[in-house]
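The values are calculated or read from the model by the stated rules, or taken from the named source; none is laboratory data. Given the structure is predicted, the values throughout are model-derived calculations rather than measurements. Note: ideal-geometry Cβ built from the backbone for every residue, glycine included; neighbour counts use all protein chains shown.
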Amino acid sequence: MKKNKASALQEVRGVNQPEPVSAASAGNIVALRSRDVPIEQLISGILAGDITALSRAITLVESANPAHLEKANQIIKACLAHARPSVRIGITGVPGVGKSTFIEAFGKFLTASGKKVAVLAVDPSSSLSHGSILGDKTRMEELVKDPNAYIRPSASGETLGGVARKTRETIMLCEAAGFDTIIIETVGVGQSETAVHAMVDFFLLLKIAGAGDELQGIKRGIMEMADVVAINKADGDNVKRATLAKTEFNRALHLFPAKKSGWMPKVLTCSALTHDGIAEIWETIQEFLSATKANGYFEGKRQEQNQFWMLETVNEQLKDRFYHNPIIAAELEKMKEAVRRNELSPFAAAQSLLEKYFKS
């Protein structure tokens, strides 16, 4: 009988492998992360531009813990008056269009121009495990090392289309920390764009040519929201296809009604790889801001967005209180089981739950 050969990965007897992480170091890290930092210290740190304080505050903002919510509200209230003027830019595009590579090239261009850039990247969460990779810092390895840039990946959780639930408050904290350019990257699955559009000043749609994307990409809703359509990956053999796609998108844009801002959307080509067209995109954004500030649209849109997010917060708080109500928590599973067994219609079950909630 043939003897099995020992694996090359087999541990040699008598030789103890070192621990991959020191137990003492791991304990210190856990203790440091769990330490309850005073609210006043976090606020002063944010206003001083301390990234650690900013990150801790954003973690509180994103937390679903009711105790953290109260602390987060105190921080936001204190920082609101210190939020500095910024440009809020939303960037979207289908997966594979090169959003992260573009944002890194664009961010490096901005920091080289003296800007302080915060990138709020929303990663999709698994509907099964609810986990998220949060890999944007890995993809933007040059920008993450830039002292004038801050990258904050956040899990989308259960929010519509993948926009992190507290992105709006995170923007305010970044502005209070001194960041003058806020970039929000959407998941790019087609539903999050509306929510992002309601929190930014300028909306950039990234597209690629030569992938059957031209006609498929001319969707009325997303095209109407875009202030600029940028054909990315316009380099090498793809330059001609990108130029053709630019012409097709230009024709499509002229079919849409005029924007309230008075701005005529533009189609540009760029390459995040060679950095061609990056400067032109920033110049176009500056042109857009000058035009909309001059005609009053910029300020009016900011005011509308504030009202919109006030109502969204009310809706969110009502929903949270409903599901955390002990009476509803006790009845919910019974109602779900009754609906599953077809003993009760979904609408009757919902009405019953709401009635119990309002009586409690």
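Summary of values
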| item | result |
| --- | --- |
| Filter result for I89 (assigned by TED's automatic domain parsing to the domain that holds V200, closer than 27 Å to H197 by Cα, modelled with pLDDT of 75 or more and surrounded by 11 or more Cβ atoms within 10 Å (Cβ to Cβ)) | yes |
| Candidate set: segment 150-191, residues that are among the charged types (D, E, K, R) and within 19 Å of E316 (Cα to Cα); chosen: the one modelled with the highest pLDDT | E169 |
| Test result for V228, touching a helix residue (DSSP H, G or I) at 6+ places or on another chain (Cβ under 6 Å), within 22 Å of E104 (Cβ to Cβ) and at pLDDT 90 or above | yes |
| Test set (1) more than 27 Å from E304 (Cβ to Cβ); (2) surrounded by fewer than 16 Cβ atoms within 10 Å (Cβ to Cβ); (3) among the charged types (D, E, K, R); (4) modelled with pLDDT under 90 - E214 fails condition number | (2) |
| From A64, A53, A78, A57, residue being over 15 Å from D180 (Cα atoms) and not in a helix (DSSP H, G or I) | A64 |
| Failed item in (1) of a type in the set (D, E, K, R); (2) at pLDDT 80 or above; (3) crowded, with 19+ Cβ neighbours inside 10 Å, with K77 passing the rest | (3) |
| Pick from segment 225-256, criterion more than 25 Å from the chain's Cα centre (by Cα) and among the charged types (D, E, K, R), ranking: farthest from L289 (Cα to Cα) | D237 |
